[in-house]
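Worksheet: the structure to be examined is printed underneath.
Any read-out appearing in this document is the output of simple, stated calculations on the displayed coordinates, not a laboratory observation. In this text the structure is predicted, and so the values were computed from the model without any measurement. As a convention, Cβ positions derive from the backbone with ideal geometry for all residues, glycine included, and neighbour counts pool all protein chains shown.
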Amino acid sequence: MELAGQIKKYRADLGLSQEALAEKIYVSRQTISNWETEKSYPDINSLIRMSEIFGITVDELLKGDAEEIKQMIRREDQNELNRLSAIYGIMMLVMLITPIPLVKLLRFVGVGIWAVIAIATLFLAFMVEKKKKELNLGTYREIAAFLEGKRLDEIETAVEKGKLSYQRILLTIAVCFLALVISVVMWLLLYR
């Protein structure tokens, strides 16, 4: 990253020691040293203070790092969305295959255990949807593009958003049908 070099350069241009710069930014000298040796990265408040002290904009201070920061954030978001999606997929599978064995073996306790699994699965579904909304991802196509490090252009995004309302209706109908099928199968197995 170029920020380390930028901090050193502007600090030297002003004739400031690490200690003097640290006092002006309200951090320790060791923190300045860590920034200059790329052991850590300053927070936004420190970046703003440094840009004011150096008499430059934050963009100038960050120089080429802005795109690298965006890429790091994108990778972190990709990893988090992948992790949440994988856990949700496993929980959904567990939720679908465990109700009959749990109820057959444990009766009412099994129903309670299955209810806990279902609630945990719904919570994970909520977390995945929240992450998708944070990342402004609405459809599987947008998610796939995002996970590949790409973004859909504005026209494609508008088309995808237009499909979203129909997809939600169809998804709701499909989930209701699946729940009905599971309920009928459980009823038949328990009361036959």
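Once you've got the Cα coordinates, tell me which of K24/K63; K63/K131; K63/K133; K104/K130; K39/K63; K63/K132 are over 24 Å apart. The partial results should precede the final answer.
On the way: K24/K63 22 Å; K63/K131 29 Å; K63/K133 30 Å; K104/K130 35 Å; K39/K63 19 Å; K63/K132 30 Å.
Flagged as over cut-off: K63/K131; K63/K133; K104/K130; K63/K132.
How do Y41, Y88, Y26 rank when sorted from fewest to most other Cβ atoms within 10 Å of their own Cβ? Kindly include the intermediate steps, with their values, before the conclusion.
Working: Y41 15, Y88 20, Y26 10.
Fewest to most other Cβ atoms nearby, the residues stand as Y26, Y41, Y88.
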remark   = Under the Karplus relation with 6.51, -1.76 and 1.60 and θ = phi - 60°, whole-Hz ³J(HN,Hα) for region 103-118, x at Gly and Pro, equal 5, 4, 7, 10, 6, 5, 5, x, 4, x, 4, 5, 5, 5, 4, 5
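Eigenvalues of the Cα gyration tensor times 5, then square-rooted: what semi-axes does that give for region 3-63, in whole angstrom, largest first? Spell out each step's value before the answer.
Working: eigenvalues 41, 32, 25 Å².
Semi-axes from the Cα gyration tensor: 14, 13, 11 Å.
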